[in-house]
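The values are calculated or read from the model by the stated rules, or taken from the named source; none is laboratory data. Computed from a predicted structure; not experimentally measured. Because the Cβ atoms are built from the backbone with ideal geometry, glycine has one as well, and the counts that use them run over all protein chains shown. These area figures cover heavy atoms from the full protein model, side chains too; ligands, DNA and RNA do not enter into them. Shrake-Rupley method; radii C 1.70, N 1.55, O 1.52, S 1.80 Å.
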Amino acid sequence: MIENSELLGVPAFAGLPDDQITWFISQSQEITLKVGDSYFREGDPADAMYVILSGEGQVRGGVGGELVMFEMKPGSVTGVLPFSRMKQFTYAARAITDVRALRFPASLFPELVHRMPDLAQRLVGMMSDRIRETTRIEQQRDRLASLGKLSAGLAHELNNPASAARRATSQLREVLKRIRDASHELGRRDLSPAQRAEIEKLEASFVQNDQVPPDALTASDLEEQIDSLLRSHGQNDMWQMAADLARKNIQPQELESLFAIFDPETARAALVRIAASVEIATLLNEIESGTSRISDLVGAIKEYTFMDQTPVQNVDLVKGLETTLTILNHKLKHGVSVQREYERVPLIVNSFGSELNQIWTNIIDNAIDAMGGEGQLRIRTHRDDRCAVVEIIDNGPGIPAEVQPHIFEPFFTTKGVGAGTGLGLDTVQRIVKKHHGSIQVTSRPGETRFQIWLPLADVPAKAS
């Protein structure tokens with residue numbers, strides 16, 4: 001039998017009249033749990049409040065119930081609380097030691113509020129604290145999940161140019177050996193200054209060749225012509241060189257001068273050197289392109305996170321949007337076309353720059369998902385009096401009318417279990433309000449439009 005004094009030792013019940021404590025105990029069921037037993041599971045009806053008298057437990061949530069949200073100690077109150085709109089538990093609670101607790105049915109909450117108003121007030125405060133803490137934990141988890149997705153995409157984006165540069169570097173070592181061997185062979189031959197000048201002239205011409213690479217069919221025909229030319233001069237094993245020269249759009253007649261001036265062996269050595277020089281130029285271009293792409297991505301990451309910059313500063317909205325598109329390129333490039341309609345005059349907003357990028361990321365990421373990764377994304381910016389306006393429009397299926405009133409509610413999501421926490425648009429709305437702006441959404445099949453108004457920084461006075 002529970003004594004009043006034991007329940008009075010629970011902070012929420014401290015100092016309450018004995019008659020109220022007696023009534024509460026009389027309406028409660030004493031339960032005992034062994035280690036690992038559940039108070040309730042995720043999805044169970046939210047039909048009771050629990051007061052822990054002894055022992056410890058954990059409240060777990062998140063995907064698979066792996067995230068420990070709260071530790072329960074003697075004196076803790078868990079389960080559903082008065083005035084909560086929860087119908088089903090969205091988390092689970094279990095004992096991690098042997099536990100004694102009181103189970104109070106939610107059906108008696110109206111009577112509890114009437115009989116024990118002081119307790120009801122304390123429980124409301126407890127519920128507010130719990131909501132704040134749960135929201136904080138879920139927001140942190142949402143940020144980590146978003147960061148994980150962005151990191152995975154960026155790792156892929158960085159790996160592609162890094163791998164290309166590494167392959168080109170490896171090939172470069174082989175080509176350098178070929179050019180050394182060919183140069184050594186030419187050095188052994190008694191060539192006149194005019195002959196050496198002819199080789200260098202042809203080599204420079206081919207290396208500097210900036211013609212557009214031919215299409216596959218043209219390259220195939222060109223390769224056959226070059227190979228035929230080489231074979232006609234006794235060079236029967238240079239088919240790979242023919243393919244390399246064809247890809248650079250080198251014409252067969254440009255090679256004829258070598259065979260007109262030099263004997264077959266000298267012409268062969270000159271051809272090997274020239275082809276190697278052409279390949280080195282190509283590989284260096286690939287390395288430069290790959291490292292430039294890596295540099296651009298690292299720059300975009302620094303811009304996106306505002307690394308090494310003051311938290312609050314004047315931010316060019318278009319620059320932030322473009323940086324976000326770069327960061328999300330791994331999702332865009334598989335079928336989403338981006339149409340930009342930017343205000344010509346830069347729109348500058350005084351803001352936490354990295355937070356604005358969270359807005360663009362959440363909305364654009366949602367748009368890509370809504371379109372199934374394929375469709376058209378339109379981004380518009382313009383000025384509206386003293387505000388900058390950003391519009392992000394997708395041509396997906398639209399947001400159902402019955403869903404639209406709820407999209408900014410915390411924890412509301414239409415995505416499957418584990419696919420979203422429902423805090424993305426709640427975060428967007430909080431950041432917009434923090435910057436004294438406003439956000440509006442309109443949606444119909446084929447067009448969902450998010451409009452964000454943000455106050456402009458240092459708006460110049462209008463001429464009188």
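Ignoring ligands and nucleic acids, what accessible area does THR32 show with a 1.4 Å probe (Å², nearest 10)?
Rounded to the nearest 10, that gives 100 Å².
Can you check how the C-alpha radius of gyration of the stretch 196-341 compares to 2.2 N^0.38 Å, as a plain ratio? Can you show the working numbers first?
On the way: Rg = 23.2 Å, N = 146, 2.2 N^0.38 = 14.6 Å.
My calculation over the Cα atoms of the stretch 196-341 gives 1.58.
Compute the signed sum of charges (Lys and Arg +1, Asp and Glu -1) over the other residues within less than 14 Å, Cβ to Cβ, of THR381. Mind showing how you got there, number by number?
Working: positive: LYS319, ARG340, ARG344, ARG378, ARG380, ARG383, ARG449; negative: ASP316, GLU322, GLU341, GLU343, ASP384, GLU391.
So the surrounding residues net to +1.
With Cα extents along the principal axes in Å in mind, check (1) 71, 51, 47; (2) 66, 63, 42; (3) 118, 71, 41 and report the label derived from this structure.
After the calculation, the listed value that fits is (3).
Just by accessible area at a 1.4 angstrom probe, what is the order of GLU30, GLU374, GLU322 from largest to smallest?
Accessible-area ranking of GLU30, GLU374, GLU322, largest first: GLU374, GLU30, GLU322.
Any idea what the alpha-carbon Rg over 2.2 N^0.38 Å comes to for the stretch 28-117? Provide the component values of the computation, followed by the final result.
Values: Rg = 12.8 Å, N = 90, 2.2 N^0.38 = 12.2 Å.
Taking N as the residue count of the stretch 28-117, the ratio is 1.05.
Let me cross-check PHE13: its accessible surface, 1.4 Å probe, with only protein heavy atoms counted, in Å² to the nearest 10?
Approximately 0 Å² for this residue.
If I model a spin label as a point 7 Å beyond the Cα along the Cα-Cβ vector, how far apart are those points for GLN240 and GLN404 in nm?
About 6.4 nm, to one decimal.
When the chain is fully extended, how far beyond the present Cα-Cα distance does ASP19 get from SER170, taking 0.36 nm per residue of separation?
45.9 nm
Filter LYS319/LYS434; LYS73/LYS434; LYS248/LYS333 down to the pairs with a C-alpha to C-alpha distance above 25 Å, please.
LYS73/LYS434; LYS248/LYS333
Can you give the extra length, in nm with one decimal, that the chain gains between ARG196 and SER337 once fully stretched, where that is 0.36 nm per residue apart less the Cα-Cα distance?
Fully extending the segment from ARG196 to SER337 adds 45.6 nm.
Please give the solvent-accessible surface of THR78 in Å², to the nearest 10, using a probe radius of 1.4 Å with every protein chain present.
In the full protein context, THR78 sits at about 10 Å².
Students sometimes get this wrong: rank TRP453, TRP239 by accessible area, probe 1.4 Å, all chains present, largest first.
If we order TRP453, TRP239 from most to least accessible, we get TRP239, TRP453.
Order the following by accessible area, largest value first: HIS435, HIS184, HIS233. Probe radius 1.4 Å; ligands, DNA and RNA are ignored.
Details: HIS435 15, HIS184 125, HIS233 65 Å².
Result, largest first: HIS184, HIS233, HIS435.
Using only Cα atoms, tell me the angle between helix 193-207 and the longest principal axis of the chain; keep it within 0 to 90° and round to the nearest 10.
30
Compute the length gained on full extension between GLU265 and THR218: take 0.36 nm times their separation in residues and subtract their Cα-Cα distance, giving the result in nm to one decimal.
Computed gain between GLU265 and THR218 is 14.0 nm.
Going by alpha carbons, how many degrees (0 to 90, nearest 10) lie between the helix axis of 353-370 and the longest principal axis of the chain?
Value to nearest ten degrees: 80.
For the stretch 224-306, what Kirkwood radius comes out of the mean inverse Cα-Cα distance, in Å?
14.9
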